[in-house]
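Before any comments, here is the structure.
Quick note: the coordinates plus some simple rules give every number you see, no bench work behind them. A quick note: this is a predicted structure, and the numbers were derived from the prediction, not measured. Cβ: placed from backbone, ideal geometry, glycine included. Neighbour counts: every protein chain shown.
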Amino acid sequence: MLSFLTVLPLGPPKRLVSCCGPALQDQLFRGLEAALGTTFSSEPLAPPPQPMILVISGPSGVGKDAVIKRLQEEREGIHFVVTATSRAMRPGEVDGKDYYFVSKEEFLTMIERDELLEYALVYGEYKGIPKQQIRDYMAKGCDIVLRVDIQGAATLRQILGESAVFIFLVAESEEALVKRLIHRKTETSDMLLVRVATAREEVKRMKNFDYVVVNAEGKLEEAVKQVESIIDAEKAKIHKRHVNI
């Protein structure tokens with residue numbers, strides 16, 4: 001085992017790197033391989049990152065859509081699963097991009113065919129997550145982002161358990177949240193009252209999530225960076241979350 005050391009120059013003890021030129025360093029490298037009876041692999045020591053499912057939820061008006069849109073712009077390999085819904089399309093929304101807009105009859109057919117990972121009746125309208133989208137994009141190595149309401153998140157927790165990462169998105173205060181809902185101008189005063197009352201109850205369920213991210217007014221970039229940090233931390237874990245859908 002000492003034969004490979006004979007390539008080193010004689011003299012006072014020195015650090016190997018400082019006393020060896022590139023040729024001698026290469027010879028030392030090969031000598032170490034010979035002494036150990038093996039070759040040093042160039043394969044990565046850390047396991048490759050695995051696709052993950054990120055569930056983003058929170059009360060109406062906290063900016064779930066804005067955070068997800070910016071996340072997709074900032075990070076490659078993110079697929080936002082387009083949810084199917086029976087509600088009417090809002091101004092500015094695009095079918096197939098914001099939601100898949102279907103009739104209630106079509107939605108019920110999807111339920112019968114077991115095509116949905118999760119679905120719920122919210123404010124009188126159906127919303128659901130198509131399974132095949134998730135399978136297809138995870139097979140391509142993409143991380144999956146699901147946008148659901150609090151009820152949907154609770155159902156997904158029962159279905160997916162610890163295999164997905166659950167993030168609760170919240171405004172900086174109740175006052176800020178109510179002002180956002182008013183500014184949207186998409187609900188009647190009666191519906192606003194329902195949404196505010198619902199939001200108060202939903203915030204109490206924050207403890208059922210893995211992480212909480214504050215999306216403060218005018219600080220969208222900070223919220224997105226927090227979500228990215230969560231993704232990076234989860235991918236660096238030794239014990240990964242395994243998804244089976």
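Each of LEU192, LEU116, GLY152 was scored by the projection of its Cα onto the charge dipole of the chain, and the greatest displacement toward the positive side belongs to GLY152; charges sit on the C-beta of Lys, Arg, Asp and Glu. Using the Cα coordinates of the stretch 53-236, the gyration tensor eigenvalues translate into equivalent-ellipsoid semi-axes of 23, 22, 16 Å, sorted from longest to shortest. Seen against the Cα atoms of the chain and their longest principal axis, helix 189-203 is set at about 40 degrees. To the nearest 10 degrees, how steep is helix 174-184 against the longest Cα principal axis of the chain, on a 0 to 90 scale? Value to nearest ten degrees: 70.
Per-peptide packing, taken as the mean over residues of other Cβ atoms within 10 Å, places 212-220, 45-53, 170-178 in the sequence 170-178, 212-220, 45-53 from highest down. In a reduced charge model with +1 at each Lys and Arg Cβ and -1 at each Asp and Glu Cβ, the stretch 137-245 shows a dipole moment near 260 debye about its Cα centre. Projecting the alpha carbon convex hull of the stretch 84-135 along each direction and taking the average yields 3.6 nm².
Between the helical axis of 150-160 and the longest alpha-carbon principal axis of the chain there is an angle of about 40 degrees.
Sites count as exposed loop sites when they are chymotrypsin sites (Phe, Trp or Tyr not before Pro), lie in a DSSP loop, and have at most 16 other Cβ atoms within 10 angstrom; the longest stretch of the chain without one is 124-245.
Treat every Asp and Glu Cβ in the chain as -1 and every Lys and Arg Cβ as +1, leave all other atoms uncharged, and give the resulting dipole magnitude about the Cα centre to the nearest 20 debye. Could the numbers behind the result be given before it?
Values: 33 positive and 35 negative charges, 101 e Å.
Magnitude of the dipole: close to 480 debye.
Couplings for the stretch 103-117, taken from phi via the Karplus curve 6.51 cos²θ - 1.76 cosθ + 1.60 with θ = phi - 60°, read 6, 4, 5, 5, 5, 4, 5, 4, 5, 4, 8, 6, 8, 10, 5 Hz in order; Gly and Pro are left as x.
Pairs spanning more than 18 Å between alpha-carbon atoms, out of LYS207/LYS237; LYS179/LYS204; LYS131/LYS207; LYS69/LYS207; LYS64/LYS219; LYS97/LYS179: LYS207/LYS237; LYS179/LYS204; LYS131/LYS207; LYS69/LYS207; LYS97/LYS179. Helical runs (DSSP H, four residues minimum) scored at -39500 (n - 2.57) apiece and divided by the length of the chain put the mean residue ellipticity at 222 nm at -12500 deg cm²/dmol.
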